[in-house]
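Structure record follows, encoded as structure tokens.
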Amino acid sequence: MQRWNGWGDDSIAHPVQPTAARMLADELGPGTPPRDATLDDVLATVPTSRLPAHSLVSVDPNERLRHARGQSLPDWVALRSGRIGVFPDGVARPQHPEEVDELLDRALTWGAAAIPFGGGTSVVGHVNPQEGDTPTVTIDLRRMNRLLDLDAESRLATFQAGVSGPELEAQLRAVGLTLGHFPQSFEYSTLGGWIATRSSGQQSLGYGRIEDLFAGGVLRSPAGVVSLPPLPASAAGPDLRQLVLGSEGRAGVVTEATVRVVPLPESEEFHAAFFPDFAGGREAIRNLVQEQLPLSMLRLSTADETRVSLTLAGHRRQLALLERYLGARGVGSEKAMLLMGFTGAQARRARRVGLQVVRSHGGVPLGRSLGARWKKGRFALPYLRNTLWDMGYAVDTLETATTWKALPGLMTAIDDALSGALPNERVLVFSHISHVYPDGAATYVTYVFRSSPDPDETLSRWKTLKNAASRAIAGNGGTISHQHGVGTDHRPYLEAEKSAAGLSALRAALGALDPEGIMNPGKLVR
Ligand SMILES: Cc1cc2nc3c(=O)[nH]c(=O)nc-3n(C[C@H](O)[C@H](O)[C@H](O)COP(=O)(O)OP(=O)(O)OC[C@H]3O[C@@H](n4cnc5c(N)ncnc54)[C@H](O)[C@@H]3O)c2cc1C
């Protein structure tokens with residue numbers, strides 16, 4: 001069963017190796033396990049619903065609790081401490097588009113806010129109801145999970161938008177196809193959520209980001225239905241798909257989406273290579289992406305992340321052997337690990353040329369075994385967050401993108417901002433280049449700090465860290481988000497990126513689809 005106060009299935013545990021536990025204690029100090037609120041305690045705090053009774057809307061406290069928060073660190077503090085704050089007044093799980101229309105009509109007559117809800121994996125406060133006198137109905141789309149149409153000739157598949165990653169891939173796999181969109185939240189996140197947040201999968205280099213994969217669909221807004229035909233290209237004015245991508249539930253509910261699919265790859269391999277330092281690896285991957293080699297993934301860890309990843313993996317004896325082997329080839333303590341994905345018909349050529357480029361930059365290829373281990377555990381790592389929380393350590397991540405030229409300065413600025421943000425606590429910061437483009441790259445930063453027995457203090461530490469990192473991003477040419485979206489947490493930084501005039505154009509466009517402002521108020525833009 002899905003956990004109500006953490007990540008994933010509650011029957012799955014991700015233990016921390018003793019060496020990794022020692023590393024955390026050495027680097028951050030001993031953790032104090034927090035005292036979590038029980039489910040019964042929290043359910044007892046759910047207030048009476050302010051919505052009139054309706055056959056599509058459940059006011060069950062358990063449903064309302066499970067839709068009150070997403071997966072951001074403030075959400076975790078709220079769920080674990082039992083201080084949820086605001087609950088939705090009701091939760092609907094429509095099965096048909098007509099039911100979505102009915103819910104939006106009801107929300108208008110009740111004067112209620114409506115929050116579209118996919119997998120609830122948002123990490124920036126997207127799905128949380130806002131404080132105030134307006135009641136909220138959350139519209140959970142997960143019962144709308146069917147493949148509606150497959151145009152094999154055009155390689156287009158149309159799904160109901162509440163389909164989760166595994167459900168979508170299973171339906172495509174049955175006919176020899178794949179979408180290839182694998183965010184780390186794949187297990188729970190949904191197609192509609194990916195579109196509404198402009199999500200990026202781990203193999204976006206090969207398959208494309210969601211905006212490349214989203215060919216069309218249907219948006220049901222309070223102002224009416226917007227149909228987006230899946231045209232391969234069009235010069236008929238601005239592309240309205242771009243208004244739906246990243247709309248974060250503010251424009252309406254995406255009920256259907258047509259996506260570009262491809263045949264399942266005949267082969268797929270992930271290889272690891274180590275560079276003597278991060279700068280050398282960075283030059284190698286810039287070269288690889290600018291040469292337009294058909295790779296499906298390039299992921300380069302900093303020296304700190306390489307060290308932490310190898311420690312987390314455990315296996316001390318194997319690690320010692322690896323270090324001896326790399327040391328003999330000139331790769332020492334500053335080593336940076338690269339993971340490369342070779343997928344599909346051109347995998348062999350990509351591997352041959354790719355590994356040549358790695359070698360020409362001083363890299364040492366290590367073959368498939370570390371890559372295979374990464375592939376096996378690619379969706380399991382978030383479970384570690386549960387274990388670390390129980391040990392008294394809070395883990396959060398953030399991400400941004402910029403040009404190749406600005407990237408080194410941006411990464412250093414974020415690292416410095418996070419490392420020095422807390423006056424009395426140490427912070428473990430590590431990062432990798434996660435998505436690459438010919439003109440720049442995205443970096444994904446993980447930071448770990450001790451939680452406090454006092455949830456307010458943990459939240460205050462997080463706010464200090466998040467503000468410091470966000471200021472470093474905005475001040476060093478980065479986007480406030482490459483893949484997680486804006487929600488509430490990134491909203492204060494949006495104007496600097498989009499300009500005041502740009503934001504008012506966005507507000508006006510959203511307002512035309514939602515004149516009464518009922519759709520997910522407070523997110524993305526005010
Ligand atoms: C452990 C973990 C790993 C993650 N890894 C990645 C990653 O690799 N790449 C990445 O891009 N993101 C990642 N994320 C962030 C998150 O998974 C994405 O933002 C994802 O796209 C959210 O999808 P969801 O279905 O869970 O949407 P939700 O969290 O339910 O909703 C997100 C937003 O989309 C809106 N929305 C949802 N469905 C619809 C719909 N049908 N119509 C209109 N609006 C809708 C909601 O109103 C909300 O504003 C990760 C999150 C976690 C917790």
- Query: Any residue in region 517-526 that is open to solvent by 10 Å² or more (accessible area, probe 1.4 Å) and either acidic (Asp, Glu) or part of a helix (DSSP H, G or I) (or both)?
  - Reply: no
- Among the residues of region 465-483, is any within 16 Å of the ligand (Cβ to nearest atom) and of a type in the set (D, E, K, R)? yes
- Item | Failed item, numbered, when Tyr493 is tested on (1) open to solvent by less than 10 Å² (accessible area, probe 1.4 Å); (2) within 22 Å of Gly193 (Cβ to Cβ); (3) part of a helix (DSSP H, G or I) | (1)
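Collect the residues in region 235-282 that are among the basic types (Lys, Arg), within 16 Å of the ligand (Cβ to nearest atom) and either modelled with pLDDT under 95 or buried (at least 22 other Cβ atoms within 10 Å of the Cβ) (or both), keeping them in residue-number order.
Of region 235-282, the ones among the basic types (Lys, Arg) are 241, 250, 260, 282.
Checking which are within 16 Å of the ligand (Cβ to nearest atom) leaves us with 241, 250.
Of everything in region 235-282, just one residue is among the basic types (Lys, Arg), within 16 Å of the ligand (Cβ to nearest atom) and either modelled with pLDDT under 95 or buried (at least 22 other Cβ atoms within 10 Å of the Cβ) (or both), namely Arg250.
Of all residues in region 76-103, which are hydrophobic (A, V, I, L, M, F, W, C) and either open to solvent by 10 Å² or more (accessible area, probe 1.4 Å) or under 27 Å from the mean Cα position of the chain (by Cα) (or both)?
Going through region 76-103, the residues hydrophobic (A, V, I, L, M, F, W, C) turn out to be 76-79, 84, 86-87, 91-92, 100, 103.
Once the filter is applied, which keeps residues that are hydrophobic (A, V, I, L, M, F, W, C) and either open to solvent by 10 Å² or more (accessible area, probe 1.4 Å) or under 27 Å from the mean Cα position of the chain (by Cα) (or both), region 76-103 yields Trp76, Val77, Ala78, Leu79, Ile84, Val86, Phe87, Val91, Ala92, Val100.
Among residues belonging to region 142-182 that are in a loop (DSSP other than H, G, I, E, B), open to solvent by 10 Å² or more (accessible area, probe 1.4 Å) and not small (Gly, Ala, Ser), point out the one that is farthest from Asp9 (Cα to Cα). Show your work before the answer.
So the first thing to find is which residues in region 142-182 are in a loop (DSSP other than H, G, I, E, B), and the list is 142-146, 152-155, 161-163, 174-176, 179-182.
Okay, now just the ones that are also open to solvent by 10 Å² or more (accessible area, probe 1.4 Å), so 142-143, 145-146, 152-155, 174-176, 182.
Filter again for not small (Gly, Ala, Ser), leaving 142-143, 145-146, 153, 155, 175, 182.
Numbers: Arg142: 17, Arg143: 19, Asn145: 20, Arg146: 23, Glu153: 38, Arg155: 33, Val175: 28, Phe182: 18 Å.
Filtering region 142-182 for residues that are in a loop (DSSP other than H, G, I, E, B), open to solvent by 10 Å² or more (accessible area, probe 1.4 Å) and not small (Gly, Ala, Ser), the one farthest from Asp9 (Cα to Cα) comes out as Glu153.
Specify which of the listed residues (Ser452, Ser481, Ser460) is of a type in the set (Ser, Thr, Tyr), assigned to a loop (DSSP other than H, G, I, E, B), farther than 25 Å from Leu298 by Cα and out of contact with any Pro (no Cβ under 7 Å at 6 or more places or on another chain).
Numbers: Ser481 fails: farther than 25 Å from Leu298 by Cα; Ser460 fails: assigned to a loop (DSSP other than H, G, I, E, B).
Answer to the check: Ser452.
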- Message: So Leu322 passes all but one of these: (1) within 31 Å of the chain's Cα centre (by Cα); (2) open to solvent by less than 40 Å² (accessible area, probe 1.4 Å). Which condition number does it fail?
- Response: (1)
- Among (1) away from the ligand (no atom under 15 Å from the Cβ); (2) open to solvent by 20 Å² or more (accessible area, probe 1.4 Å); (3) within 23 Å of the chain's Cα centre (by Cα), the one test that Gly132 misses: (3)
- Just checking, how many residues over region 365-392 are under 26 Å from Asp489 (Cα atoms), away from the ligand (no atom under 16 Å from the Cβ) and open to solvent by less than 40 Å² (accessible area, probe 1.4 Å)? 1
- Looking only at region 43-72, which residues are closer than 28 Å to His484 by Cα, among the hydrophobic types (A, V, I, L, M, F, W, C) and either in a loop (DSSP other than H, G, I, E, B) or away from the ligand (no atom under 16 Å from the Cβ) (or both)? Ala68
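Any idea how many residues of region 217-234 are polar (S, T, N, Q), away from the ligand (no atom under 13 Å from the Cβ) and under 18 Å from Asp101 (Cβ atoms)?
1
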- Task: Enumerate the pairs (first residue in region 168-193 and more than 16 Å from the ligand (Cβ to nearest atom); second residue anywhere and among the polar types (S, T, N, Q) and modelled with pLDDT of 95 or more) with beta-carbon separation below 8 Å, excluding pairs fewer than 6 apart on the same chain, so at least 6 apart or on different chains.
- Result: Leu172/Thr178
- Within region 402-431, the residues that are assigned to a strand (DSSP E or B), open to solvent by 20 Å² or more (accessible area, probe 1.4 Å) and of a type outside the set (Ser, Thr, Tyr) are Phe430
- When both residues are 6+ apart or on different chains and their Cβ atoms are under 7 Å apart, which pairs have a first residue that lies in region 128-149 and is of a type outside the set (A, V, I, L, M), and a second that is open to solvent by 50 Å² or more (accessible area, probe 1.4 Å) and modelled with pLDDT of 95 or more? Asn128/Arg69; Pro135/Arg50; Pro135/Trp110; Asp140/Arg93; Arg142/Arg93; Arg143/Arg93; Arg143/Gln95; Asn145/Glu167
- Task: Return the only residue of Arg209, Arg198 being near the ligand (Cβ under 10 Å from one of its atoms), open to solvent by 60 Å² or more (accessible area, probe 1.4 Å) and out of contact with any Pro (no Cβ under 8 Å at 6 or more places or on another chain).
- Result: Arg198
- Quick one: is Phe214 within 16 Å of the ligand (Cβ to nearest atom), closer than 22 Å to His482 by Cα and of a type in the set (Phe, Trp, Tyr)? yes
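Only residues that are without any contact (Cβ under 8 Å) to a residue 60 or more places away in the chain and open to solvent by 70 Å² or more (accessible area, probe 1.4 Å): list them for region 19-37, please.
Taking region 19-37 and keeping what is without any contact (Cβ under 8 Å) to a residue 60 or more places away in the chain, we get 22, 25-26, 36-37.
Residues satisfying the conditions are Arg22, Asp26.
The values are calculated or read from the model by the stated rules, or taken from the named source; none is laboratory data. The shown structure was predicted, so the numbers you read here are calculated from the model rather than taken from an experiment. Neighbour counts are summed over all protein chains in view; Cβ atoms, including those assigned to glycine, are modelled from backbone coordinates with ideal geometry. Note: areas computed on protein heavy atoms with side chains; ligands, DNA, RNA excluded. Shrake-Rupley method; radii C 1.70, N 1.55, O 1.52, S 1.80 Å.
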